[in-house]
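These notes are about the structure you will find just below.
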Amino acid sequence: MDYDICIIGGGPAGYLAGIRAAQLGATAAVIEMDELGGVCTNRGCIPTKSMLEVVTPILSAARWNDMGLEVHTKLNLSQVLARTRDVVGYIRAGIQSLLDARGVHVIRGKAKFVDRFTVRINERETVSARFMLVATGSIPALPPIDGIGLDGVVTSDGMFTLQQVPETVAIIGGGAIGIEYATILKAFGARKVVIIEFMDRLLPLMDPGLSAFEKVMLEDAGIEVVLSSKAAALSASNKGIRMDLQPSPGTAQAGPQKLDVDKVFVVTGRKPNTGDLGLEPLGISLSKGWIDVNMAMRTGVDSIYAAGDVNGIRLLAHAAFHQGMIAVENMLGARKVFEPVLVPSVVYSKPPVAQVGMDETAAQKAGMDVKTGVFDLAGSPMALVHGDPSGFVKIVAEKKYGLVLGASIAGESAYELISVIAAAMAGEITVDELRRTVFAHPSLSESIAESAWAVDGLSQHTIKNSIP
Ligand SMILES: Cc1cc2nc3c(=O)[nH]c(=O)nc-3n(C[C@H](O)[C@H](O)[C@H](O)COP(=O)(O)OP(=O)(O)OC[C@H]3O[C@@H](n4cnc5c(N)ncnc54)[C@H](O)[C@@H]3O)c2cc1C
């Protein structure tokens, strides 16, 4: 065998698996057909956040003027994109250095299975290993809409090649990516930005409280939100692209029937990147292309594991990181399991929203007896100092012992605060133990303690607690 572990795909799941393998003394190769870092570094997490970073001063300018700092902003799109490319390039080079430093071989090319222990790369060379990790990720899935192939209709990748900010935009899909794109385009100067969502709320997979908060924030920013509607057809018109809309099944027409826009972003979902890997002849079971694995990340074939988007469990980079490491550790004798409930979901809108574990509705549906505590950021001194007190922290706890089951957070730094709850859940701690934790003052994280007190109606910086 050439290696202990051969990893197909150098995205978050794959490259971190390579690093972990080396840490554990295994020989490993990462095969990558495009760029190291995968979707996350090159066309996902990092470039979107780099662009959203420019949104912050644009949206904060009015607030800063109120604080006594006169600020005027003027966008230079090509410079924003150039800087984004620099950030991406820097991170990509960093990944290569991390792998090189640990002796993990990076092999460029497209891998295809020959047998359970061997892959062929670009019909050029073969590599064999005791274990294989499939970490080939996912690609945009285009819904079957007439006219989806028209010029001006783009997937999520289209954001990073914009020549100019379109005057009018429709975004099909009200999930995290759609909301982040709407936020960027509106702040960058698009006159009309419309989000079309098939379900009756934005972020249908998150806490309904966060969906409602997000809708209000987007509409305040001048973004139109059309719910319970689907884009039925797209056609070229003298105004750009005409979109015919239909109500989702079982709903009445609430939004417009037609929209004329310059550009359409389709961000409705992803599909697994398993196309020509040659998995089926090996006996690997797939569900609509996603690789079936157990929570040890092992497929039905002992020597083959699959981590990251490609198994469809959670399509998030931090889930991919964990899964990649768990897969490698298990190959080398550990008995680790991936725990989806500990994976936070974040939307980097302005302000952001985040969630981990169960929300109240999900916990009740699961038949659990729960109590909740909500702290409104209007009561947070730090949120007031920052000049943006919109949002809340809501903790869900199991009723008898107060075990923390999850939280939903809306407001500034929600994506940082949520990890405190994730840590609490990983440590199986109770709201009482959260209350014992001394949070620095002033800080936004104090809101977590307040919300833990609010679970029993005892938040100190709230006049009237929602739970008596
Ligand atoms: C616009 C956008 C924004 C996002 N923002 C976030 C965010 O803020 N936070 C977050 O957690 N997640 C975010 N995501 C999701 C995140 O990017 C993915 O969950 C993550 O990249 C998955 O990592 P992965 O390693 O499983 O797969 P990928 O990142 O898809 O990497 C797979 C790699 O495998 C390579 N490959 C595929 N087939 C082969 C083959 N046969 N041979 C060799 N190489 C192959 C590909 O070239 C690719 O580099 C975002 C996604 C998008 C599209």
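Sort 59-68, 380-389, 7-16 by packing, meaning the average of other beta carbons within 10 Å per residue, with the highest value first. Kindly include the intermediate steps, with their values, before the conclusion.
On the way: 59-68: 12.4, 380-389: 17.0, 7-16: 31.0.
Ranking, from highest mean packing down: 7-16, 380-389, 59-68.
For a protection proxy built on the mean count of beta-carbon atoms within 10 angstrom, sort 207-216, 231-240 highest first, please. The partial results should precede the final answer.
Working: 207-216: 19.8, 231-240: 14.9.
Taking the mean over residues of other Cβ atoms within 10 Å, the ranking is 207-216, 231-240.
Whole Å is fine, so just give me how far the alpha carbon centre of region 380-453 lies from that of region 48-76.
If we compute the Cα centre of each part, the gap is 27 Å.
How far apart, in nanometres, would the label points at Arg124 and Leu98 be if each is projected 7 angstrom from Cα along the Cα-to-Cβ direction?
2.5
Which far-off residues, 5 or more places away or on another chain, put their amide H under 5 Å from the one on Val225, with H placed in the peptide plane?
Close amide H contacts, sequence-distant or interchain: Ile195.
List the aspartates and glutamates whose alpha-carbon lies under 18 Å from that of Lys400, not counting same-chain residues fewer than 8 positions away?
Straight-distance partners of Lys400: Asp359, Glu360, Asp369, Glu428, Asp432, Glu433, Asp456.
When a/c is below 1.5 the answer is rounded, else prolate if a/b is larger than b/c, else oblate, so apply that to region 305-464 with a ≥ b ≥ c taken from the square roots of the Cα gyration tensor eigenvalues. Working shown, then result.
On the way: a/c = 2.16, a/b = 1.62, b/c = 1.34.
Taking the square roots of the gyration eigenvalues as a ≥ b ≥ c, region 305-464 is prolate.
Given Lys110/Lys230; Lys192/Lys365; Lys288/Lys336; Lys258/Lys350; Lys215/Lys258, which pairs have Cα atoms separated by over 30 Å? Mind dumping the intermediate values first?
Details: Lys110/Lys230 37 Å; Lys192/Lys365 39 Å; Lys288/Lys336 26 Å; Lys258/Lys350 28 Å; Lys215/Lys258 21 Å.
Beyond 30 Å: Lys110/Lys230; Lys192/Lys365.
Rounded, prolate or oblate: pick one for region 153-268, where a ≥ b ≥ c are the square roots of the eigenvalues of its C-alpha gyration tensor, a/c under 1.5 means rounded, and failing that, prolate if a/b is larger than b/c, else oblate. Before the final figure, lay out each step's value.
Numbers: a/c = 1.73, a/b = 1.16, b/c = 1.49.
Since a/c reaches 1.5 but b/c is at least a/b, the shape of region 153-268 is classed as oblate.
Before anything else, pin down the relative contact order of the chain: Cα pairs under 8 Å, at least 6 apart, normalised by residue count, whole percent. Could you put the intermediate results ahead of the total?
On the way: 1020 pairs, mean separation 63.4, N = 468.
Computed over the chain, the figure is 14 percent.
For a quick check of your reading of the filter: which trypsin sites (Lys or Arg not before Pro) in region 82-135 sit in a DSSP loop and have no more than 10 other Cβ atoms within 10 Å?
Values: sites: Arg83, Arg85, Arg92, Arg102, Arg108, Lys110, Lys112, Arg116, Arg120, Arg124, Arg130; in loops: Arg102, Lys110, Arg116, Arg124.
Sites meeting the loop and neighbour criteria: Arg124.
Using only helices, what value at 222 nm comes out for the chain when you add -39,500 (n - 2.57) per DSSP H run of length 4 or more and divide by the total residues, to the nearest 500 deg cm²/dmol?
On the way: 12 runs with 146 residues, N = 468.
Using -39500 (n - 2.57) per qualifying helix, the result is -9500 deg cm²/dmol.
Listing His105, His72 from the residue with the fewest other Cβ atoms within 10 Å to the one with the most, what is the order? If you can, show how the numbers build up before the last one.
Working: His105 16, His72 6.
Taking fewest neighbouring Cβ atoms as first place, the list is His72, His105.
Assign one of three labels to the chain, namely rounded, prolate or oblate, based on the Cα gyration tensor with a ≥ b ≥ c the square roots of its eigenvalues; rounded applies when a/c is under 1.5, prolate when it is not and a/b is larger than b/c, and oblate otherwise. Spell out each step's value before the answer.
Numbers: a/c = 1.66, a/b = 1.20, b/c = 1.38.
In terms of gyration-tensor shape, oblate.
At a 10 angstrom cut-off on C-beta neighbours, averaged per residue, how do the peptides 193-204, 364-375, 320-331 rank from highest to lowest? Could you put the intermediate results ahead of the total?
Working: 193-204: 21.6, 364-375: 16.5, 320-331: 26.1.
My ranking of the peptides, most packed first, is 320-331, 193-204, 364-375.
What's the center-to-center distance, using Cα atoms, between region 169-198 and region 328-349 in Å?
That distance is 30 Å.
Points 7 angstrom from Cα along the Cβ direction at Asn294 and Asp369: gap in nanometres?
About 3.4 nm separates the two model spin labels.
Could you list, by residue number, the cysteines of the chain that have no other cysteine's beta carbon within less than 4.7 Å of their beta carbon?
Lacking a cysteine Cβ partner under 4.7 Å: Cys6.
Values quoted throughout were computed directly from the atomic coordinates according to the rules given, and no laboratory measurement underlies them. Treat the numbers as computed from the prediction; the structure is a model and nothing was measured. Methodologically, a virtual Cβ is constructed for each residue, glycine included, from the backbone with ideal geometry; neighbour enumeration extends over all protein chains shown.
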